1. Given the structure, is residue 222 in a helix (DSSP H, G or I) and either surrounded by 15 or more Cβ atoms within 10 Å (Cβ to Cβ) or within 20 Å of the chain's Cα centre (by Cα) (or both)?
2. So if I check each of 94, 129, which one is hydrophobic (A, V, I, L, M, F, W, C) and either under 30 Å from residue 54 (Cα atoms) or not assigned by TED's automatic domain parsing to the domain that holds residue 198 (or both)?
3. Kindly provide the set of residues from the range 184-211 that are farther than 18 Å from residue 163 by Cα and of a type in the set (Ser, Thr, Tyr), ordered by number.
4. What are the residues in the range 174-219 that are within 17 Å of residue 156 (Cβ to Cβ), loosely packed, with under 15 Cβ neighbours inside 10 Å and not small (Gly, Ala, Ser), if any?
5. Pick from 76, 67: which is in a helix (DSSP H, G or I), surrounded by fewer than 16 Cβ atoms within 10 Å (Cβ to Cβ) and among the β-branched types (Val, Ile, Thr)?
6. Evaluate the range 25-41: report whether one residue or more is closer than 22 Å to residue 188 by Cβ and surrounded by 17 or more Cβ atoms within 10 Å (Cβ to Cβ).
7. If we keep just the residues of the range 85-133 that are hydroxyl-bearing (Ser, Thr, Tyr) and either assigned to a strand (DSSP E or B) or touching a helix residue (DSSP H, G or I) at 6+ places or on another chain (Cβ under 9 Å) (or both), which is surrounded by the fewest Cβ atoms within 10 Å (Cβ to Cβ)?
8. Restricting to the range 252-278, give me the number of residues that are assigned to a helix (DSSP H, G or I) and more than 27 Å from the chain's Cα centre (by Cα).
Amino acid sequence: MLLIPGTHDEATQREMIRTSGADVVCLDLEDTVLPARKQEARELLARLFAEDIWGRTARGLRINAVTSPYAADDVTEVVTRSKGMIDVIMMSKADSAGEVRWLDALLTQLCAEQGIERTIKISVGIETARALTDIDEIASASPRLEALGFAIGDLSTSLGVRVSNFLVDRKTYPGDLFHFVRSRINLAAKAHGLLSLDGPWPIINDHATLAEDAAWGAMLGMDGKLALSIPQVKVIHEAYRPTPAELAYAERMLALMAKAEAAGEGSAVVDGVFLDPVVIGHAKATLARAAAPL
């Protein structure tokens, strides 16, 4: 998911949407847009959502916190002006299931009043200690929910994590500073049938560390990662795609299992490798990731 500030030049945003290659482009109305420019940004984003420039990329909108004075207008203005041409709304700083239900109710009302048949999904950024504590309640708050995301900056602030030190030198912490957070978000997402989105790497041109960070999230089972620039999108895609060695191993497992099944066995040790449906399931998932579009 590529995040783009909502007050970027219109031509620049249009070009980024067309060329990013991201699965989702999320146009932002929250922290990157000053209060005095919120309405200007809403009108601009509504125009962009309505244009035929998106290809296979899903249309995303990040709104201000429900507790702010801006959220209701964010949703009402952009949904109405774009005639509902939004795939997912990303909630920022949602602390409770009640806030998710509020957005669900508002979307249901707007779509009913305007005859919008598209189902607009919801993604929730986990940005506070309270949200992380109540994550299962949040994850089950609405049938519109599609994903839970890790907001590295705001959540670090809420938890008192000294993230600045870690961003400059990852050796200051022995391992993955966010292992628990990623695992908890991924666990809640998978338990409730949702996608899990890893947090962005904020040092935009540090592609080597981004690749390592993305690989850690992918290893833990995250489904994707937030990006802050188009070059980051490409690095993340590569990190989530299986390596040639992983592909070769998966293909070998399938071939060996076919050999075992031909001999009438549902599991076997072939060439020193244990095979059963669980192993084959992992192999098939590896091949499926490789076949996913970039």
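1. It is false that residue 222 is in a helix (DSSP H, G or I) and either surrounded by 15 or more Cβ atoms within 10 Å (Cβ to Cβ) or within 20 Å of the chain's Cα centre (by Cα) (or both).
2. Answer to the selection: 94.
3. Answer for the range 184-211, where residues must be farther than 18 Å from residue 163 by Cα and of a type in the set (Ser, Thr, Tyr): just 196.
4. 179, 180, 202, 203, 209
5. Unique residue meeting the criteria: 76.
6. Scanning the range 25-41, I find at least one residue that is closer than 22 Å to residue 188 by Cβ and surrounded by 17 or more Cβ atoms within 10 Å (Cβ to Cβ), so the answer is yes.
7. 119
8. Residues meeting the conditions: 12.
The values are calculated or read from the model by the stated rules, or taken from the named source; none is laboratory data. Just so it is clear, the model here is predicted, and its values are computed rather than measured. Backbone-built Cβ (ideal geometry, glycine too); neighbour counts: all protein chains shown.
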